[in-house]
Amino acid sequence: MINITVKKRNGSYLDFLSRGHAGYAEEGQDIVCAAVSALIITTVNSLDAFTEEKIEVGEDDGYVSIHFKTNPNTERGKLLMDSLILGLTEIEHSYNNRYLTVRVKEV
């Protein structure tokens with residue numbers, strides 16, 4: 001299962017962490033993992049290309065983290081992250097929480 005944790009403070013994103021594998025199908029055939037990966041990679045690239053957000057990104061097998069150094073977030077940065085969370089939550093609900101969980105915490 002992919003576990004995603006998002007930390008926010010006063011409406012601004014602080015941290016995003018994705019851990020694990022969906023387990024929907026074998027590696028290379030897992031459409032849930034592919035969808036989640038595509039959303040995250042596109043968001044990271046968009047934050048870099050289209051915003052002034054200062055972020056640190058960590059990546060390893062089954063692990064992606066995004067740490068925001070800009071607080072509060074830029075308007076575009078917040079919109080991109082809101083869109084990412086919307087997409088991930090839709091995947092979570094489409095598969096009845098079996099392969100993905102998304103938790104947003106106010107800290």
Could you tell me which of the residues THR89, THR101, THR42 is farther than 15 Å from LYS8 by Cβ, at pLDDT 95 or above and assigned to a helix (DSSP H, G or I)? THR42
Within the stretch 5-22, can one find any residue that is part of a loop (DSSP other than H, G, I, E, B), without any contact (Cβ under 8 Å) to a residue 60 or more places away in the chain, in contact with a helix residue (DSSP H, G or I) (Cβ under 9 Å, 6 or more places away or on another chain) and crowded, with 19+ Cβ neighbours inside 10 Å? no
Return the residues of the stretch 45-81 that are under 13 Å from TYR13 (Cβ atoms) and out of contact with any strand residue (DSSP E or B) (no Cβ under 9 Å at 6 or more places or on another chain); say none if nothing qualifies. THR51, THR74, GLU75, ARG76, LEU79, LEU80
What pairs come out if I take residues in the stretch 45-60 that are over 17 Å from SER83 (Cβ atoms) and pair them with residues that are modelled with pLDDT of 95 or more and assigned to a helix (DSSP H, G or I) whose C-beta lies under 7 Å away, six or more apart or interchain? VAL57/VAL44
Might you check whether a residue that is under 17 Å from HIS93 (Cα atoms) and either assigned to a helix (DSSP H, G or I) or modelled with pLDDT of 95 or more (or both) occurs anywhere in the stretch 48-58? no
Considering each residue of the stretch 23-51, count those that are under 14 Å from the mean Cα position of the chain (by Cα) and surrounded by 15 or more Cβ atoms within 10 Å (Cβ to Cβ), and give that number. 11
Return a yes/no flag: does the stretch 22-38 have any residue that is touching a strand residue (DSSP E or B) at 6+ places or on another chain (Cβ under 6 Å) and not β-branched (Val, Ile, Thr). yes
Kindly list, by first and then second residue, each pair from a residue in the stretch 79-103 that is more than 13 Å from ILE4 (Cβ to Cβ) to a residue that is among the aliphatic types (A, V, I, L, M) and surrounded by 19 or more Cβ atoms within 10 Å (Cβ to Cβ), limited to pairs with Cβ atoms under 8 Å and residues at least 6 apart or on different chains. LEU80/LEU47; TYR95/VAL32
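The values are calculated or read from the model by the stated rules, or taken from the named source; none is laboratory data. Quick caveat: nothing in here was measured; it's all calculated off a predicted structure. Note: ideal-geometry Cβ built from the backbone for every residue, glycine included; neighbour counts use all protein chains shown.
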